[in-house]
Amino acid sequence: MIVVNTETVPGKRIVEVKGLVQGNTVRAKHVGRDIAASLKNLVGGELKGYTELLVEARRQAMERMIAQAEELQANAVVNVRFATSCITVSAAELYVYGTAVVLVDEEDAYQNTEQNIELDA
Amino acid sequence: MENFFCFLNIAQIVIPVLLLLICAFTRSYINRKRRIFLAEEEAKYLDHIQIVNTKKLPDNLRCVNCVLVTGSVVVANDIVSTFLSSLKGLLGGELKNYTLLCDTARRTVLVRLLAEADSLYADKVYNVRFETAFIHG
């Protein structure tokens, strides 16, 4: 499964568009991490617990999106976008969406069209 | 008279609990009905409207009538699942209630967008973007 945030994949051609796929999750860290983060807030710096939270959430949301793409028999997701929102205290929502497509190698696509032209002739 | 006060004490506990349960059941009933409705609507629109979030049209297509379509919704969680989620938040992990809430909201938005596109006789929706905002009540 190719997952990219560009519209096209170099060297590949989109032969079929399967439609929009998406995945979302709302996650929280346990209360110990919340307290540690609020203490860290006093001195500033990276809140490692929350960084971890967002990484986990992103991975889970992407897994869900890829599962949806596999269900549609796509082999790539292009133009992937991430969105976050603040839902409740100390929880984060991660939402990821993209377009499920079927990709083939550019050479293969070219050969196919050549063959079709020959067949037509 | 003593019996009456005893009854009042029980009522003080039972009535709020009942109200909370009614809240939870109503919400789950509404949610289930909404998801059935959404599945029907999605099936209705998605068989003739394609929806993607890429900017460019394929080379062989040209747009004859381009119109911006939008959809929006504001949702809230019920009081019982908010409370249960806040307990789950202490342990950490996924808050399924909120995930479900957001998912239902997004599907509602997509269905509204598709309905608008359908009323314009569109067959493709391009460059879809989602935005969320937090409205504090």
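The values are calculated or read from the model by the stated rules, or taken from the named source; none is laboratory data. Please read all numbers here as calculations on a predicted model, not as lab measurements. For neighbour counting, all protein chains shown are included, and Cβ atoms are generated from backbone atoms with ideal geometry for every residue, glycine included.
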Would you mind finding the one in A:Leu72, A:Leu94, A:Leu53 that is within 13 Å of another protein chain (Cβ to nearest Cβ) and closer than 17 Å to B:Thr132 by Cβ? A:Leu94
Six or more apart or on different chains, Cβ under 9 Å: which pairs go from a residue in segment A:80-92 that's at positive phi to one that's in a strand (DSSP E or B) and not basic (Lys, Arg)? Could you list them? A:Ser90/A:Ala28
If you go through B:Thr70, B:Thr108, the only one that is more than 9 Å from chain A (Cβ to nearest Cβ) and assigned to a loop (DSSP other than H, G, I, E, B) is B:Thr70
Reported set for segment A:15-35 where residues are in a strand (DSSP E or B) and either within 7 Å of another protein chain (Cβ to nearest Cβ) or under 18 Å from the mean Cα position of the chain (by Cα) (or both) is A:Val17, A:Lys18, A:Gly19, A:Leu20, A:Val21, A:Gln22, A:Gly23, A:Asn24, A:Thr25, A:Val26, A:Arg27, A:Ala28
Of the conditions (1) in contact (Cβ under 8 Å) with a residue 24 or more places away in the chain; (2) surrounded by 14 or more Cβ atoms within 10 Å (Cβ to Cβ), B:Val74 fails just one. Which one is it? (2)
Any idea which residue in segment B:36-50 is farthest from B:Glu116 (Cα to Cα), counting only those that are surrounded by fewer than 15 Cβ atoms within 10 Å (Cβ to Cβ) and away from chain A (no Cβ under 14 Å)? B:Ile36
Kindly indicate whether any position in segment B:94-105 is surrounded by fewer than 16 Cβ atoms within 10 Å (Cβ to Cβ), facing another protein chain (nearest Cβ under 9 Å) and not in a loop (DSSP other than H, G, I, E, B). yes
Which condition number in (1) more than 23 Å from the chain's Cα centre (by Cα); (2) more than 13 Å from chain A (Cβ to nearest Cβ); (3) without any contact (Cβ under 8 Å) to a residue 60 or more places away in the chain is the one that B:Pro58 fails? (2)
Against the definition (closer than 24 Å to B:Lys96 by Cα and either within 12 Å of chain B (Cβ to nearest Cβ) or in contact with a Cys (Cβ under 8 Å, 6 or more places away or on another chain) (or both)), how does A:Ala83 come out, yes or no? yes
State yes or no: is B:Leu114 modelled with pLDDT under 90 and within 13 Å of chain A (Cβ to nearest Cβ)? no
Residue under question is A:Thr88, and the condition is that it be closer than 25 Å to B:Arg129 by Cα, outside any helix (DSSP H, G or I) and at pLDDT 85 or above; does it hold? no
Going residue by residue through segment B:78-87, is there one that turns out to be away from chain A (no Cβ under 13 Å) and not in a helix (DSSP H, G or I)? yes
Can you spot a residue in segment A:57-69 that is surrounded by fewer than 20 Cβ atoms within 10 Å (Cβ to Cβ) and within 9 Å of chain B (Cβ to nearest Cβ)? yes
Which condition breaks for B:Asn53 when tested against (1) more than 8 Å from chain A (Cβ to nearest Cβ); (2) touching a residue at least 60 places away in the same chain (Cβ under 8 Å); (3) surrounded by 15 or more Cβ atoms within 10 Å (Cβ to Cβ); (4) touching a Phe, Trp or Tyr at 6+ places or on another chain (Cβ under 8 Å)? (1)
